[in-house]
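What follows is a single structure, written as structure tokens, with notes after it.
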Amino acid sequence: MKTFLKRIKSSTSKLASSILRPMEMKNIITGPEYKKSKHSGLHTTFLAIIRDDEEIKPLMEKSNSELKETKSLLKLADPDALHSFLLSEMEQRPDLRNRFKAIFGKEGEGRSLDDYRAEAESLYDNAEDHGYVPYGEDVDFSSLTELSELYIQKGDFLEAAKIHQALAETIAEKMDDVDDSDGNFGGEFTDSLDAFTDCIFKAGLDADSRRPYIKYLFEKYLRGDPDYFQSDYREALDKLCREELDWRYWKELLEPHMPGKIPGEKDWLPHHSARELITMKLDLLLKLGEKDDFYGLIERYYRTSDALCLRYAEKLLADGAKAKAQVVAEEGVAIFEDHLTKKLRDFLSRIYKDSDPKKYRDTLQSLFLQSGDWQYYGPLKKASKPEEWQERLGKLLAHFAENRSTDWSGRTKLIDIYLKEKMYDQALTEVLAKRSLSTLSPYQNDLAFRYPEQYFNAYRDLIIPFADKDVGRKHYQEVVSYLKRMKSIEGYEGAVSEIVGRLRIEHKRKPAFIDEMKEL
């Protein structure tokens, strides 16, 4: 008893800040508007809710005054009475009892993983509706995350790791029971797994003691339940394994699961899973400095995946084997479908730039036709002589003209090329042919001052039918925005006023529309 009271007296400020503060803040922050934010502590939450400085100051002063008074009472309290009070409170409040044990208990004398999992599962109860957490409802995990912080402050990293392990496992298992459209639960899982690996690392375990945790993460990765957390487990393994003994043990775990033949990309999930295992082993071989084994493995599989083919070529180039790197990348371009070859072609363009100017220009042209990415257009034009550029330009225009009826981006790309090449007549023809206000608007700055009459007439033919086709303030605001664009065409202010007058008469029973047109 005397030892207990001595520990209490010597830890008065710690007890006040770690145990009594949450109770005090709970009395201040009440009502349905209180909601724990994702990463903040209780004071941060309090300040986020009360935004006005004039409201914050007196409340914080009151809080500090009450805390000071509490500290004074602690000094004056009869030890036996204080002992009875704490026992009574802890009997009624498991959270207080857990915090007390975290602060005053011995290292390694925490709770079981199952206990923490049960508590984590119970936190879902308040947010669930018939066993399901709907969109917009969050689960407050702060009771466990704050408890883990107390163990971290005490240096009991393995107990803190156990808490985060329980959280990560519970969140993963209950993902089918939540609407995670906003990614909140996925974020909580990632945070919990990150904290778990941080704690294991900070615990300063030797290689043998790290092995169970490496095996645990690897088995979680293999299980892939749910599969969209696999990358998190992979990152956790990378984070935890930091020296040769770790990598060798990881490689030992991996060996029995290495695929024989990679399934085709039409069987996407098995293909992806096999490729990721191969990539994992390739990464480990490089970490271990086993370059010959790396090349032996990737040589076996590079024809099955554009990503592995690119990695092989890049590694060859980095190791000075430029000619072989080019051969590998060219083989990939030949065997993989076009939509999978962009990165390989981009890689080849960098090799061709200095070694083969014609292949360089051909590759840039292919990349622009394939992706429509402007980063290839300028270098292609710059690398081509004037006569050759005209020939290549004709092919580009023909390609996008052919696709304009089936591909929306084909027409816009065609217009953009015309504008870049100062082919304004052709650009105008394409814009007007679209007969769309949403096409007229973005090209107005380039074309309307050159062709004011044609541009205004195109707007005028479209604006009345467009105004008639829908209702609602949002639609009216869109109509007004187009009318403003029309009004900005020099010399047609009066014509726009006539159109506005007509719209006011025809839509006089739509007060929201009349209200929006006041701006005109």
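Of all the residues that make up segment 301-341, how many are of a type outside the set (K, R) and closer than 20 Å to T279 by Cβ?
Step one: list which residues in segment 301-341 are of a type outside the set (K, R), which gives 301-302, 304-310, 312-314, 316-321, 323, 325-341.
Add one more test, that the residue is closer than 20 Å to T279 by Cβ, and what stays is 301-302, 304-310, 312-314, 316-319, 325, 328-329, 331-332, 335-336, 340-341.
The number of residues fulfilling the criteria is 25.
Which residue out of F218, F185 is on the phi < 0 side of the Ramachandran plot, touching a strand residue (DSSP E or B) at 6+ places or on another chain (Cβ under 6 Å) and either surrounded by 14 or more Cβ atoms within 10 Å (Cβ to Cβ) or of a type in the set (D, E, K, R) (or both)? First the steps, then the outcome.
Details: F218 fails: touching a strand residue (DSSP E or B) at 6+ places or on another chain (Cβ under 6 Å).
Selected residue: F185, the only one of F218, F185 that is on the phi < 0 side of the Ramachandran plot, touching a strand residue (DSSP E or B) at 6+ places or on another chain (Cβ under 6 Å) and either surrounded by 14 or more Cβ atoms within 10 Å (Cβ to Cβ) or of a type in the set (D, E, K, R) (or both).
Looking at (1) without any contact (Cβ under 8 Å) to a residue 40 or more places away in the chain; (2) farther than 30 Å from K324 by Cα; (3) charged (D, E, K, R); (4) surrounded by 18 or more Cβ atoms within 10 Å (Cβ to Cβ), find the lone condition where D232 falls short.
Here D232 clears every test but (1).
Might you check whether a residue that is basic (K, R), out of contact with any Asp or Glu (no Cβ under 6 Å at 6 or more places or on another chain) and surrounded by 15 or more Cβ atoms within 10 Å (Cβ to Cβ) occurs anywhere in segment 381-395? Talk me through it step by step, then tell me what you get.
The first filter runs over segment 381-395 and keeps only residues basic (K, R), leaving 381-382, 385, 392, 395.
Next, from what is left, pick out any that are out of contact with any Asp or Glu (no Cβ under 6 Å at 6 or more places or on another chain): 381-382, 385, 392, 395.
From the residues that got through so far, the ones that are surrounded by 15 or more Cβ atoms within 10 Å (Cβ to Cβ) too are 381, 392.
Yes, because at least one residue in segment 381-395 is basic (K, R), out of contact with any Asp or Glu (no Cβ under 6 Å at 6 or more places or on another chain) and surrounded by 15 or more Cβ atoms within 10 Å (Cβ to Cβ).
For segment 244-281, enumerate the residues that are assigned to a loop (DSSP other than H, G, I, E, B) and not small (G, A, S).
Across segment 244-281, the qualifying residues are M258, P259, K261, I262, P263, E265, K266, D267.
Just the residues that are free of Cβ contacts under 8 Å to residues at least 12 places away in the same chain and within 19 Å of L96 (Cα to Cα), please, taken from segment 142-194.
Listed by number, the residues that qualify are E149, Q153.
Checking K484 against (1) over 16 Å from L440 (Cβ atoms); (2) surrounded by fewer than 17 Cβ atoms within 10 Å (Cβ to Cβ): exactly one of these is not met. Which one?
All conditions are met except number (1).
Every residue, every condition in (1) surrounded by fewer than 17 Cβ atoms within 10 Å (Cβ to Cβ); (2) part of a helix (DSSP H, G or I), yes or no:
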| residue | (1), (2) |
| --- | --- |
| Y135 | yes, no |
| L144 | no, yes |
| D176 | yes, yes |
| S181 | yes, no |
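Residue under question is D346, and the condition is that it be of a type outside the set (K, R) and either without any contact (Cβ under 8 Å) to a residue 12 or more places away in the chain or loosely packed, with under 14 Cβ neighbours inside 10 Å (or both); does it hold?
Taking the combined requirement at face value, the residue does not satisfy it.
Can you pull out every residue in segment 67-80 that is exposed (fewer than 14 other Cβ atoms within 10 Å of the Cβ) and assigned to a helix (DSSP H, G or I)?
Of the residues in segment 67-80, the ones exposed (fewer than 14 other Cβ atoms within 10 Å of the Cβ) are 68-69, 72-73, 75-76, 78, 80.
Correct list: K68, E69, S72, L73, K75, L76, D80.
Say we look at segment 101-118 and pick out the residues that are at pLDDT below 95 and in a helix (DSSP H, G or I); which of these is surrounded by the fewest Cβ atoms within 10 Å (Cβ to Cβ)?
F104
For segment 253-274, give me the residue count where each residue is loosely packed, with under 12 Cβ neighbours inside 10 Å and modelled with pLDDT of 95 or more.
2
Of these, T30, T45, which one is outside any helix (DSSP H, G or I), within 24 Å of L123 (Cα to Cα) and either at pLDDT below 70 or under 33 Å from the mean Cα position of the chain (by Cα) (or both)?
One residue alone meets the criteria, T30.
Pairs under 8 Å by beta carbon, first residue part of a helix (DSSP H, G or I) in segment 81-97, partner surrounded by 14 or more Cβ atoms within 10 Å (Cβ to Cβ) and charged (D, E, K, R), six or more apart or different chains?
Here the result reads M90/R97; E91/R97; L96/E89, each pair linking segment 81-97 to a residue that is surrounded by 14 or more Cβ atoms within 10 Å (Cβ to Cβ) and charged (D, E, K, R).
Of everything in segment 143-183, what is touching a Leu at 6+ places or on another chain (Cβ under 8 Å) and among the hydroxyl-bearing types (S, T, Y)? Give them in sequence order.
S143, T145
Among the residues that make up segment 185-202, is at least one of them of a type in the set (S, T, Y), assigned to a helix (DSSP H, G or I) and closer than 25 Å to E255 by Cα?
Yes.
The values are calculated or read from the model by the stated rules, or taken from the named source; none is laboratory data. A quick note: this is a predicted structure, and the numbers were derived from the prediction, not measured. Positions of Cβ are backbone-derived with ideal geometry, glycine not excepted, and every protein chain shown enters the neighbour counts.
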